[in-house]
Each structure stands twice: as structure tokens, then as C-alpha cells.
Amino acid sequence: MCLAASGEVAAQQSRESIGLEIAVPHHLADGEEFMLPLRDLLGYGERLFSAVWTSQEGGGRPLTKGTGAAVSDVANPLTFPRNFNRISGPDANACAGCHNRPYGIYGEPNPFNPVGNLRTGDAPSLDVDLSRRDLPLPRLAPVNGVVRVPAYSDFKLHDITTGASDPNCEPLDMLAVPGTSAFTAGNARFLTRRLWGVGNEPPYCHHGLFTTMREAILAHAGEAIAERTAFASLPPDDQNAVIEFLKTLQVLPPGTQWLIVNEKGQPKPWPPHRRTAS
Ligand code: HEC
């Protein structure tokens, strides 16, 4: 009887999901994080990290202003055509939209160098074969001749601040000519931090003022406001799953034998502590 009832619930759920367009159809129930094998839990966190949220699950921030504050009239949400205009942040569709995995082979001089810098053909090119066996280990293995680097950055500049009064802005624009108004106008655009190693390379952001990744994530606004809002509206367990995934992105000391380690460099035990039956 129990089985029949749960079968009915499952059938009901799959009926309800037909035609749904959502990035994450199943969210963890409270406590499920302790039952799942570690690999599955981290996979779930990675799935949230790369989820491209749809309007059916709150994507496009229909209930918030550009700053993340709630809209004044909640009965009048910012749905199409008044929804978030992604032109201001074309990559801003998921955490992984900016913190992505570029691929290709780096060469110097390379064809992407801007005018005024060394271009291809100006000088003999320096080629390093990253798959050479005599380079120090461990190394990334080439797949079909390409070494894919899980850097988790689009290597682009973004403004993820709330504007000039945001405490994360720099008061001076060090790339402008000193003494000009552009120089004193300050700077709000920063390179997407590569998350390679983020798990054991605190503190965070260009200023290093955030000691936890959670603070850094919640400081995202501007071009990343949709993702910050999506993260902030996840249930606490889902937010924790994203943090757990980020904690696995570590630069491991030479000789480490495990790929997923805890703070002490030992293989990560899961569940983190035994729950006692009450
Ligand atoms: C629009 C592009 C963009 C999106 C989308 C985005 N980020 Fe970021 N992220 C950045 C930039 C730019 C920085 C560096 C900001 C700085 O240095 O002040 C950053 C910094 C960080 C840092 C600090 C890293 C360090 O080493 O200092 C973490 C952690 C982080 N982001 C996680 C996330 C997560 C999780 C999400 C999704 C909820 C997300 N980001 C979405 C652009 C983005």
C-alpha cells in the first residue's frame, strides 16, 4: 500500500513537470545532503553553479530593482517586456556564465594581443607544449590535442557593483592617465576572478576584504545581480551545496593523492558528522 501511494506521488510529480522549463527540477529535501554520497552532493552544487535560471523559477529578477532591493509595487512585477535587460551583462545568465572554463592553447605573441602590443609574426613565437612529460607533475592531460583549463573565468572585465557609491569600487582608475578626470572617477570594472583554487586561496575579490566566499557571492550586484538574487533566494541547503562545490576548487600541494580533500588535505569524509538517532 505504501508502495502504491508513493508510486502515485511520483506519477503526480512527473505529470506536473511536463512542459515545465526550469534549470533545476529537483531540489534537495532538508537532511538529504547527509544521505547523498559526497560525489552526488558536489555534482548537485556544480549543477546549481551552472544553472541558467528561467522566469518560471524566479530568473530575470521580476521582484527586485537593479540594486537587489524589492520592487516598490510587488503586484506589478518586472516581467516581459520590463524584465532584466541582459545586454548590460550578456554573460550574466549563470555563475558559470562568467566563471566558465575557457579552452584553447595559449601562445605568445598571440593573435588576440591588442594593437600596440606584440602581435603574431612580430617576433619569434614561444611555444610551450603543456603535455610534455618532463614538466613538473601533476599536469592537465590533453583531450584530442587540446588542454582544457578549468579556470572558471571568462577573463573579461565586468561591473558587478551597485554603482559609484558601492564600497567595492576603487576610488582611482589606475588604468587612466594620472591627473585626468577619468583617473579620479574611479573604477568599478574588475576581471572575473578565476575560481581555480578559490577553495584554498582566501581572502576574496580584488580588495581581499572578504574572508568567506559567501560574502564575495553576496557582494555581486550590477551585471551579476540576477545570479546574486537567484543565489540568495535558494534554500539554505542549496546555497551550502554551492559553497561545498566551490570548496573543492583547490590548488592541491604536490604529491596529494586525493582529488577532493578537506581543510587538512585529507580525503573528505562524508557525511561530515554522524547524526545520532533520537
Ligand atoms: C557578470 C559576471 C559574474 C557572474 C554572473 C558571477 N560572478 Fe563571481 N565574480 C565576478 C567578478 C568580476 C569577480 C571579481 C570581483 C572583484 O574582484 O571585486 C567575482 C568574484 C567572485 C568570487 C571571489 C573570488 C576571489 O578569488 O576573490 C567568488 C567566490 C564568486 N565570484 C562566486 C560566484 C558565484 C557563486 C556566482 C553565482 C551565484 C557568481 N560568482 C556569478 C563576475 C561574476
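The values are calculated or read from the model by the stated rules, or taken from the named source; none is laboratory data. Note that this is a predicted model, so its numbers are computed, not measured. Glycine gets a Cβ as well: all are built from the backbone with ideal geometry, and neighbour counts include every protein chain shown.
Below, the figures for the structure above:
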quantity: Identity of the residue in region 145-172, among the small types (G, A, S) and farther than 10 Å from L191 by Cα, that ends up nearest to the ligand (Cβ to nearest atom); calculated: A151
quantity: Whichever residue in region 88-129 is at pLDDT 65 or above, hydrophobic (A, V, I, L, M, F, W, C) and more than 16 Å from the ligand (Cβ to nearest atom) and, among such residues, is surrounded by the fewest Cβ atoms within 10 Å (Cβ to Cβ); calculated: V115
quantity: Matching option when the condition is modelled with pLDDT under 85 and among the hydrophobic types (A, V, I, L, M, F, W, C), among L157, L140; calculated: L140
quantity: Those residues of region 196-211 which are within 9 Å of the ligand (Cβ to nearest atom) and not aliphatic (A, V, I, L, M), in sequence order; calculated: G197, E201, P202, P203, Y204, C205, H206, H207, G208, F210
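Every residue, every condition in (1) within 9 Å of the ligand (Cβ to nearest atom); (2) on the phi > 0 side of the Ramachandran plot; (3) assigned to a loop (DSSP other than H, G, I, E, B), yes or no:
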position: R214; (1), (2), (3): yes, no, no
position: A226; (1), (2), (3): yes, no, no
position: N240; (1), (2), (3): no, no, no
position: V251; (1), (2), (3): no, no, yes
position: G255; (1), (2), (3): no, yes, yes
